[in-house]
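The values are calculated or read from the model by the stated rules, or taken from the named source; none is laboratory data. Everything numeric in this text was worked out from a predicted model, so none of it was measured. Cβ: placed from backbone, ideal geometry, glycine included. Neighbour counts: every protein chain shown. We work out accessible area using only protein heavy atoms, side chains counted, and drop any ligands, DNA or RNA first. Shrake-Rupley method; radii C 1.70, N 1.55, O 1.52, S 1.80 Å.
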Amino acid sequence: MVELGISTFGETTPLEGTGQTYTHDERIRQLVAEIELADKVGLDVYGIGEHHREDFAVSAPEIVLAAGAIKTEKIRLTSAVSVLSSLDPIRVYQQYATIDALSNGRAEVMAGRGSFIESFPLFGYDLKDYEELFDKKLDLLLYANLTQTIENREVYPRAVQETLPVWVATGGNVESTIKVAQKGLPIAYAIIGGQPKRFKPLLDAYRRIGQESGHSDEKLKIAAHSWGWVMEDNEEAVRTYFHPTKQVVDAISKDRPHWREMTYEQYLDQVGPEGAMFVGSPEHVAQKLIKMIEELGLDRFMLHLPLGSLPHEQVLQSIELFGTKVAPLVREYFAAKGK
């Protein structure tokens with residue numbers, strides 16, 4: 001059965017109409033309430049990303065996840081992502097083992113190279129070592145996950161689970177996909193633009209290479225994370241989501257030459273039938289999601305909600321709709337198909 005969940009970066013962009021911006025401390029407290037609600041409405045996983053910039057509130061997702069751990073019962077808690085290249089992998093293991101203790105075995109790590117690179121100069125790393133840093137630190141994290149003794153030094157606490165699930169996130173890089181498949185690690189794709197179906201050859205290659213490397217299908221899990229927003233009324237959802245999405249895309253376009261400011265026509269294309277954004281009524285989002293899960297053969301999907309800032313009460317309503325209306329439709333479809 002496919003797992004369904006929420007991911008977030010703890011965005012802090014001006015709200016439409018009022019221009020109000022949530023402070024970082026307000027947004028962090030809101031995230032704990034969102035985790036608690038996601039658990040209450042039966043979602044499977046909640047992930048928080050690490051950033052080091054003004055428009056995202058969370059630089060230490062493990063602390064927010066720890067706060068959520070003691071207020072929840074069933075939901076799995078993961079980074080989305082931990083920028084492993086600029087972190088100490090032993091410390092990452094210890095932090096998520098601590099979350100595992102607080103949650104009684106529900107912690108995961110999603111490691112990534114980092115599409116945002118602010119952490120590299122902040123922590124004194126050179127971008128020319130981008131790939132080498134990640135590869136070495138991932139190996140050390142995986143080693144710490146398997147054994148408590150590293151060079152005659154003990155690593156504590158140990159996770160409640162036998163080993164922490166460690167996913168690797170990518171934007172669709174071919175070389176990254178090959179490396180993850182060869183290691184037999186679960187992979188998460190950020191599908192945030194274009195047409196999701198274009199990822200299928202890459203996902204097929206991941207499975208094939210993983211199997212050729214001797215790994216079981218049980219290990220070769222695939223997740224996707226895409227932007228989205230759910231409201232009772234389809235047209236209202238599309239209208240409401242444009243402003244915050246454009247704010248984030250336009251801000252990123254200033255730092256990345258291959259990004260462009262978002263037009264309304266581009267936005268409509270992405271929320272349309274073949275686009276990568278899941279925006280609309282519960283029924284609309286569920287049907288579009290079912291199509292992508294089938295086409296790509298996903299084991300997990302995380303709706304990134306919201307992307308830019310929206311009033312917190314609306315965010316809670318959207319999470320509730322995703323958990324109580326979208327998720328049951330998706331689960332019922334695949335349960336019936338399984339029969």
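Got a sec? Which of HIS225, HIS215 is open to solvent by 30 Å² or more (accessible area, probe 1.4 Å) and part of a strand (DSSP E or B)?
None of the others qualify; the one that does is HIS225.
Restricting to the range 29-51, and then to whatever is among the β-branched types (Val, Ile, Thr) and in contact with a helix residue (DSSP H, G or I) (Cβ under 6 Å, 6 or more places away or on another chain), can you tell me which residue is farthest from ALA80 (Cα to Cα)?
Of all residues in the range 29-51, those among the β-branched types (Val, Ile, Thr) come to 32, 35, 41, 45, 48.
Filter once more, so that each one left must be in contact with a helix residue (DSSP H, G or I) (Cβ under 6 Å, 6 or more places away or on another chain): 32, 35, 41, 48.
On the way: VAL32: 15, ILE35: 14, VAL41: 21, ILE48: 5 Å.
Checked the range 29-51; the qualifying residue farthest from ALA80 (Cα to Cα) is VAL41.
Among the residues of the range 258-286, what is the count of those that are out of contact with any helix residue (DSSP H, G or I) (no Cβ under 8 Å at 6 or more places or on another chain) and either closer than 11 Å to VAL326 by Cα or open to solvent by 80 Å² or more (accessible area, probe 1.4 Å) (or both)? Working first, answer last.
So the first thing to find is which residues in the range 258-286 are out of contact with any helix residue (DSSP H, G or I) (no Cβ under 8 Å at 6 or more places or on another chain), and the list is 258, 263, 265-266, 269-270, 272.
Then drop every residue that is not either closer than 11 Å to VAL326 by Cα or open to solvent by 80 Å² or more (accessible area, probe 1.4 Å) (or both), which leaves 258, 265-266, 269.
So the answer is 4.
If you take the residues of the range 144-186 that are β-branched (Val, Ile, Thr) and farther than 24 Å from LEU220 by Cα, which of them is least open to solvent (accessible area, probe 1.4 Å)?
Restricting to residues being β-branched (Val, Ile, Thr) and farther than 24 Å from LEU220 by Cα, the top hit is VAL155.
Among the candidates LYS337, LYS246, single out the residue that is basic (Lys, Arg), assigned to a helix (DSSP H, G or I), out of contact with any strand residue (DSSP E or B) (no Cβ under 7 Å at 6 or more places or on another chain) and farther than 30 Å from HIS24 by Cβ. Walk me through it before giving the result.
Details: LYS246 fails: farther than 30 Å from HIS24 by Cβ.
Going through LYS337, LYS246 in turn, the sole match is LYS337.
Does ALA205 satisfy the condition of being part of a loop (DSSP other than H, G, I, E, B), in contact (Cβ under 8 Å) with a residue 24 or more places away in the chain and open to solvent by less than 30 Å² (accessible area, probe 1.4 Å)? Steps first, please.
Values: part of a loop (DSSP other than H, G, I, E, B): no; in contact (Cβ under 8 Å) with a residue 24 or more places away in the chain: yes; open to solvent by less than 30 Å² (accessible area, probe 1.4 Å): yes.
Criteria not met by ALA205.
Can you give me the number of residues within the range 228-246 that are more than 18 Å from HIS284 (Cβ to Cβ) and open to solvent by 50 Å² or more (accessible area, probe 1.4 Å)?
So the first thing to find is which residues in the range 228-246 are more than 18 Å from HIS284 (Cβ to Cβ), and the list is 243-244, 246.
Right, trim to open to solvent by 50 Å² or more (accessible area, probe 1.4 Å) and you get 243, 246.
Adding up the residues that qualify gives 2.
I'm checking my understanding of the structure. Among residues of the range 76-108 that are among the β-branched types (Val, Ile, Thr) and either part of a helix (DSSP H, G or I) or open to solvent by less than 10 Å² (accessible area, probe 1.4 Å) (or both), which one is nearest to PHE301 (Cα to Cα)? Let's see the steps before the verdict.
Taking the range 76-108 first, the residues among the β-branched types (Val, Ile, Thr) are 78, 81, 83, 90, 92, 98-99.
Still in the running and either part of a helix (DSSP H, G or I) or open to solvent by less than 10 Å² (accessible area, probe 1.4 Å) (or both): 78, 83, 90, 92, 98-99.
Working: THR78: 13, VAL83: 20, ILE90: 28, VAL92: 24, THR98: 25, ILE99: 22 Å.
That would be THR78.
What are the residues in the range 302-339 that are among the basic types (Lys, Arg) and modelled with pLDDT of 95 or more, if any?
Here is the first cut: in the range 302-339, the residues among the basic types (Lys, Arg) are 325, 331, 337, 339.
Matches in the range 302-339: LYS325, ARG331.
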